[in-house]
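Any read-out appearing in this document is the output of simple, stated calculations on the displayed coordinates, not a laboratory observation. Everything quoted here is computed from the prediction, not taken from an experiment. All Cβ positions, glycine included, derive from the backbone under ideal geometry; neighbour counts span all protein chains shown.
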Amino acid sequence: MTLMIRKMFLLCMCLALAACAGSSASQRGDAAPGLAFKSSLAVLLENRAELALTPEQVDRFEKMDFTLHEKNIVLQHELEALQAQQKKGNRPWHGGYMGGGQHDLHGGKGGSTSAPPEEEQARLQRRERLERIESTLRQMQDNDSEAYVQAEKLLTDTQKPRARELFSQEREKLLKQFKAMHFQIRKGDY
């Protein structure tokens, strides 16, 4: 029964990420913010006093966190490279301004409504990078979720509720960062 609950928890977390990744955000920013991915094991270790972790639990979580870090390091580098590329290439085309004349139906002054081919190509590249960022982040989160499920087995029944709360809070922070980045990248493409 507890295995089923863990799987449902993992599924809910993944679905929450997918739902937030697909929705539009109302946050603003001048540059695509970076994502500060902190592992759930690091969160548990940061809150070791509050969770009353035993020395054995701390030792085990540190080893598990190191293993997770090794598993995610390539993905982290890929994510950082994609974010750097995205910052450089995030200058969406907004059409020409013709000046004078009548306002068009959408309040503009006319001008070209279709982007030049090179701008269309740049837009497609931005979307592709965003999809790769989303995929990379999902892989990292899947690895982290698996590690958390393993770590939770080592927690006592009194430690689990607060640990889940801390895990959820950290994921919410990451989702907010991701939504802001997603909006920043996509804002010129709608």
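Here are the numbers for this structure:
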| read-out | value |
| --- | --- |
| Greater than 26 Å apart at Cα, pairs in 153/179; 38/160; 63/179 | 153/179; 63/179 |
| Projected label distance in nm at residue 168 and residue 70, using a 7 Å step from Cα toward the beta-carbon | 3.3 |
